[in-house]
Amino acid sequence: MPVSDTVGLINHVQNAYARCIDDGKLEEWPDFFEDDCVYKITTVDNYAQGLEAGVIFANSKGMLRDRVASLREANIYERHLYRHFLGQAWIISEVADEVRSETSFIVARIMRDGTTDVYATGRYVDAYRLNGGKPKLRERIVVCDSSRFDTLLALPL
C-alpha cells in the first residue's frame with residue numbers, strides 16, 4: 001500500500017479513536033485494539049530511557065474492557081470530558097501487515113462546571129496490524145510530554 005494511502009487510513013482510525021473517547025463511548029474504545037495488545041501511558045523521560053513501567057498499563061483487550069467497566073461501575077471520580085486535537089500521523093515503518101506510526105496530540109479536559117484546561121500533550125507511538133485494510137492497534141504507547149500527572153487520570157488518552 002502506498003504511504004499516502006496508509007497515512008490516510010491511519011489518520012482516519014486515529015480520528016475515530018479520539019471521537020470515541022471524546023463522545024463518551026468508552027465501551028467501544030477497546031474495539032480499536034487487537035485481543036493481544038499493549039496500552040500504556042508513560043512520560044517522555046521514561047520512554048526515552050526505555051523504562052517499561054507506565055502510569056497505566058494493560059496487556060490485553062480484556063484488561064481494557066475491565067478498565068472501562070471499573071470507570072462505569074466502581075471508580076469514584078469527578079465527571080469530565082476530553083477533547084482531542086491530533087496532528088497528522090507520521091508513518092515510521094510499514095512491513096507486511098504491520099504499520100508503525102507516531103501522532104502528536106493535545107487533550108483538553110472539560111469539567112462539569114465548564115472549566116477547561118490543557119490536560120495532556122504528547123504523542124501516540126503505535127503499532128497497527130492491518131487486517132484486510134482495517135487497522136487494529138497491537139500496541140499504543142501514550143508518551144506524555146510532562147512527568148506530572150493529575151490524580152484524575154481516569155479516562156483513556
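The values are calculated or read from the model by the stated rules, or taken from the named source; none is laboratory data. The structure presented is a predicted model; accordingly, all values stated were derived computationally and were not measured. Please note: Cβ atoms are built from the backbone with ideal geometry, for glycine as well, and neighbour counts cover all protein chains shown.
Some points to look at:
- Residues in the stretch 104-156 that are within 13 Å of residue 43 (Cα to Cα) and within 13 Å of the chain's Cα centre (by Cα): 120, 121, 122, 123, 124, 125, 141, 142, 143, 144.
- Residue in the stretch 18-29 that is in contact with an Asp or Glu (Cβ under 7 Å, 6 or more places away or on another chain) and among the hydrophobic types (A, V, I, L, M, F, W, C) present: yes
- Matching residues, the stretch 37-53, being touching a helix residue (DSSP H, G or I) at 6+ places or on another chain (Cβ under 8 Å) and touching a residue at least 60 places away in the same chain (Cβ under 8 Å): 37, 39
- Residue that is farthest from residue 29 (Cα to Cα), among those in the stretch 44-92 that are touching an Asp or Glu at 6+ places or on another chain (Cβ under 9 Å) and among the aromatic types (Phe, Trp, Tyr): 90
- The set of residues in the stretch 128-155 being under 21 Å from residue 62 (Cα atoms) and of a type in the set (D, E, K, R) consists of 129, 134, 136, 138, 139, 140.
- Matching strands (runs of 3 or more DSSP E) fully within the stretch 53-103 where at least 2 residues are farther than 15 Å from residue 126 by Cβ, of a type outside the set (Lys, Arg) and over 14 Å from the mean Cα position of the chain (by Cα): 80-86
- Within the stretch 58-89, the residues that satisfy the criterion of being out of contact with any helix residue (DSSP H, G or I) (no Cβ under 8 Å at 6 or more places or on another chain) and either among the small types (Gly, Ala, Ser) or over 20 Å from residue 150 (Cβ atoms) (or both) are 59, 60, 62, 63, 66, 69, 70, 73, 74, 87.
- Screening 43, 6 for residues that are crowded, with 17+ Cβ neighbours inside 10 Å, in contact with a Cys (Cβ under 8 Å, 6 or more places away or on another chain) and not acidic (Asp, Glu) leaves exactly one candidate, 43.
- Single residue of the stretch 116-157 satisfying the filter (of a type in the set (Ser, Thr, Tyr), more than 18 Å from residue 24 (Cα to Cα) and modelled with pLDDT of 90 or more) that is surrounded by the most Cβ atoms within 10 Å (Cβ to Cβ): 128
- Subset of the stretch 109-157 [part of a strand (DSSP E or B) and of a type in the set (Val, Ile, Thr)]: 110, 116, 118, 121, 125, 141, 142, 143
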